[in-house]
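Worksheet: the structure to be examined is printed underneath.
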Amino acid sequence: MIEIDGSQGEGGGQILRSALALSMCTGQAFALTRIRAGRSKPGLMRQHLTCVHAASEISSARVEGAELNSQALHFTPGTVRCGSYAFNVGSAGSCTLVLQTVWPALMLAAGESRVQLRGGTHNPMAPPFHFLERSYAPLLRRLGAPVQLTLQRHGFYPAGGGEFEAVIGGAREALTPFDLNERGSAIEAYAHCLAPALPSSIARRELNKLAALMTWQPEQLRQAGVRQNEGPGNALLGTLVHEQVTEVFTEFGEKGVTAETVATQLAQEMRRYQSSDGALGPHLADQWVLPLALAVHLRGQPASYSCTELTPHALSNFAVIQSFLPVRITTESGANAHRVRIAPG
């Protein structure tokens, strides 16, 4: 039984999700205490419970403590089964985080799985669907793990109601770790604005301000037509395509925040990335380490990547990974980037 203190590091839901994923991948049980102790409302919230229930369903796990607001959880996995699954957060909570919880285990299963997810698809503090589609999934395919993501409906806070499907191929024998220390030459840069149930002027103002700040041309700006009946939402996304990696940056509109402020915040985030030499931005650096560590462990080959920033989320993830896998994760900070190395044993 692996014992994990949920207050370590950033003390959030990342620790729970990584523990669930790695428990299913390795067959090791864990006991997690002080769940989300670093948050203003500690314990399991609805989207975290959906992660636990999803993990339990695909692995026939024995679970204790899976209750709303619970701050302790015991999870003992069984055998992970590929198949067709459907998971509904039941609120605007992020269903992309639910997918990332079960994705690694289904990736290592013996066959193809089809997962239908419902809830929030574009949420602050969670990877938006377009980030998974354009940034994360291509790296998984390069690692040897096939996946196809299809967005069927956007879901914004507070109504939710979004829906998408993930088709995940079994890849245990195909996973091959690789180094990702250079982003390569810039190929394309563009932005698009999602603003369902809001005046079209909001999207135009955001895109025009972003174009002025980034010195982009009109053809780099896209206003997405979104069919949305669950309520208003606003997400401004900037995509930077390089030879080796694609990064997606997102800013969300909210009441009291002008369209120009949203665009300015997004431009600042993209410029921070462009001014660094790291291949991966802070969020991708945090999420890429787990599947890469699994590949390193299975193949017995080291791998590394560079990133612009090592966030508390990433450092917490490193600690949880090393609790489950016999790998060593080391970091090195340079003048304009950080280097993460993962080695067997």
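Things to note:
- Cα-based convex hull volume of the stretch 186-274 per residue, rounded to whole Å³: 93 Å³
- In the stretch 75-138, trypsin sites (Lys or Arg not before Pro) in a DSSP loop with at most 10 other beta-carbon atoms within 10 Å: none
- Annotation: the residues MET125, MET107, MET214, sorted from fewest to most other C-beta atoms within 10 Å of their own C-beta, follow the order MET125, MET214, MET107.
- DSSP beta bridges in the chain [antiparallel fraction, %, rounded to 5]: 75 percent
- Helix 95-107 vs. the chain, principal-axis angle (Cα, 0 to 90°, nearest 10): 50 degrees
- Residues TYR157, TYR190, sorted so that the one with the fewest Cβ neighbours within 10 Å comes first: TYR190, TYR157
- The stretch 180-204 versus the stretch 22-44: alpha-carbon centroid distance in Å: 34 Å
- Distance between modelled label sites at ARG39 and VAL167, nm, 7 Å Cα→Cβ extension: 3.3 nm
- Only Cα sites of the stretch 2-175 enter the Debye sum here, all with the same form factor; the resulting log10 I(q)/I(0) across q = 0.09 1/Å is -0.28, listed in q order.
- Using the Karplus relation 6.51 cos²θ - 1.76 cosθ + 1.60 with θ = phi - 60°, the per-residue 3J(HN,Hα) values for the stretch 304-315 come to 8, 8, 10, 8, 7, 7, 10, 7, x, 4, 5, 5 Hz, with x marking Gly and Pro.
- Fully extended contour minus Cα-Cα distance, from THR150 to SER201, at 0.36 nm per residue: 15.5 nm
- SER333 versus ASN208: modelled label distance in nm, points set 7 Å from Cα along the beta carbon direction: 4.2 nm
- Applying the Karplus relation 6.51 cos²θ - 1.76 cosθ + 1.60 with θ = phi - 60° to the stretch 183-190 yields 3J(HN,Hα) values of 7, x, 5, 6, 10, 7, 9, 7 Hz, where x marks Gly and Pro.
- Qualifying GluC sites (Glu not before Pro) for the stretch 164-206 [loop in DSSP, other Cβ within 10 Å: at most 14]: GLU173
- For the stretch 110-120, the Karplus equation 6.51 cos²θ - 1.76 cosθ + 1.60, evaluated at θ = phi - 60°, returns couplings of 7, x, 7, 10, 10, 10, 9, 10, 9, x, x Hz by residue, with Gly and Pro reported as x.
- Think of it as helices only: each DSSP H run of n ≥ 4 in the chain is worth -39500 (n - 2.57), and spread over all residues that comes to -10500 deg cm²/dmol at 222 nm.
- Residues LEU73, LEU175 in ascending order of nearby Cβ atoms (within 10 Å, fewest first): LEU175, LEU73.
- Around the amide H of GLY170, modelled in the peptide plane, lie the amide H atoms of GLY111, GLU112, SER113, all under 5 Å away and 5 or more residues distant in sequence or on another chain.
We did not get these values from a lab; they are worked out from the coordinates using the rules stated. All of these numbers come straight from a predicted model, not from anything done at the bench. Positions of Cβ are backbone-derived with ideal geometry, glycine not excepted, and every protein chain shown enters the neighbour counts.
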